[in-house]
Each structure stands twice: as C-alpha cells, then as structure tokens.
1. Of the candidates Gly136, Gly111, Gly47, which one comes out as most mobile in a Gaussian network treatment of the chain with C-alpha springs shorter than 10 Å?
2. Under a 10 Å cutoff between Cα atoms, tell me which one of Leu84, Leu22, Leu143 has the largest fluctuation in the Gaussian network model of the chain.
3. First check a/c for the range 6-79, with a ≥ b ≥ c the square roots of the eigenvalues of its C-alpha gyration tensor; if it is under 1.5, answer rounded, and if not, answer prolate when a/b is larger than b/c or oblate otherwise.
4. What does the charge add up to near Arg155, with Lys and Arg as +1, Asp and Glu as -1, over the other residues with Cβ less than 13 Å from its Cβ?
5. What are the extents of the Cα atoms of the chain along their three principal axes, in Å, largest first?
6. What ranking of Glu49, Glu91 emerges when the number of other C-beta atoms within 10 Å of each C-beta is taken as an exposure proxy, fewest first?
7. Return the calculated 222 nm mean residue ellipticity for the chain, to the nearest 500 deg cm²/dmol, obtained by summing -39500 (n - 2.57) across DSSP H runs with n ≥ 4 and dividing by the residue count.
8. Quick one: which residues, 5 or more positions from Ile88 or on another chain, have an amide H under 5 Å from its amide H? H modelled 1.01 Å from N in the peptide plane, none for Pro or chain starts.
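Read-outs throughout are calculated quantities, based only on the coordinates presented, and are distinct from any laboratory measurement. All of these numbers come straight from a predicted model, not from anything done at the bench. With ideal geometry, Cβ positions are generated from the backbone for all residues, glycine too; neighbour counts draw on all protein chains shown.
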Amino acid sequence: MNMAGVNNRVKNASDIELKDRLVAINRVTKVTKGGRTFSFSAIVVVGNEDGIIGWGLGKASEVTTAIAKGVEAAKKNLIKVPVLKGTIPHEQLAKFGGAEVFIKPASHGTGVKAGGAMRAVLESVGVTDVLAKSKGSSNPHNLVKATIAALGELRDANTVAQNRGVSINTVYNG
C-alpha cells in the first residue's frame, strides 16, 4: 500500500511538543499447552495540534507498555499537514485496506464532524472544522492509516504554485 507523506516527512522530531492520543486497545490471546496467554496491542496517534501527525502500533503483555511502545513508534513516522484557519485546504479521498475515508473542509464553527479513530487523528493534527465520512471497514487500524494517507495527500495553494512553477494568482484564477 502507498502510505502518505513520503515527501512531507518531518526530519527532526526531538524539538516538537507532541501530545499522544490512544485510539484503540485490542486484547489478543495466544493459546498454548499451559493455557491462554493474554497480550495487548495499542494504536496511538501523536500530534502537536499544529500540522504534525504520526501513528504507531505497540504490542506488549501490559497495557501501559503497549501504549508507550505505540507512542515511540508514532514519533518515528511524523508527517507535516497543511492546516489553513483550522480546516483543510481541499476535499480528499483516501483508502487503506478495507477502510475508505472522505474529508472535506468546513466553515469556522462547524467543529470536527468525524467519528472514532478519524476524530482522534483530525484533532491531533490541529483541525478544528472539518466534515469527514468513513466508508467500508470500521477497523481502527485501517481507519487511522487511511485518514493519515488522506492528510498526507493534501496540498496548499503555495505548494501547488511552486510545483507548477507559476504564481499563486494563476493557481486561483486558472
């Protein structure tokens, strides 16, 4: 699968103040000769609520250890997302596995109209007004990955103008 943000990765994460948010915890069981062995997997999203986001998966025999491992993994794959006046620059559709997400900019005061895993990702990146729809699978792992893929594909007008080699007025006026 094509993960988003290959060209907008954050290089140095040590000087960024990141807040972590737990999306989902899953208890998994391994059946052995001696009985059942329980362990936990936790999917975590970290962000500075100002355009930087990352996700991580941690697995351990205790919940707190799994969350800590997830946070460490999330800090290793941060991407930069354009956030304009609390919303996103344009509509975006993305898919990962069976989960498909659609995010759309909203006017000021709308709030984050998204559920579950998508809400955690959008709030962590610093989006305050957005309309979001989840289609297909509601699996939190794939929803997080699809949402981050959609955010990673967003481009603001300045980036589009630079890539095309034209002025920003040409981007808006055609």
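1. The residue that fluctuates most here is Gly136.
2. Of Leu84, Leu22, Leu143, the Gaussian network model singles out Leu84 as fluctuating most.
3. prolate
4. Charge balance in the 13 Å sphere: -1.
5. 70, 35, 31
6. In order of increasing Cβ crowding within 10 Å: Glu91, Glu49.
7. One gets -8500 deg cm²/dmol as the mean residue ellipticity at 222 nm.
8. Excluding prolines and chain starts, which carry no amide H, the hits are Ala106.
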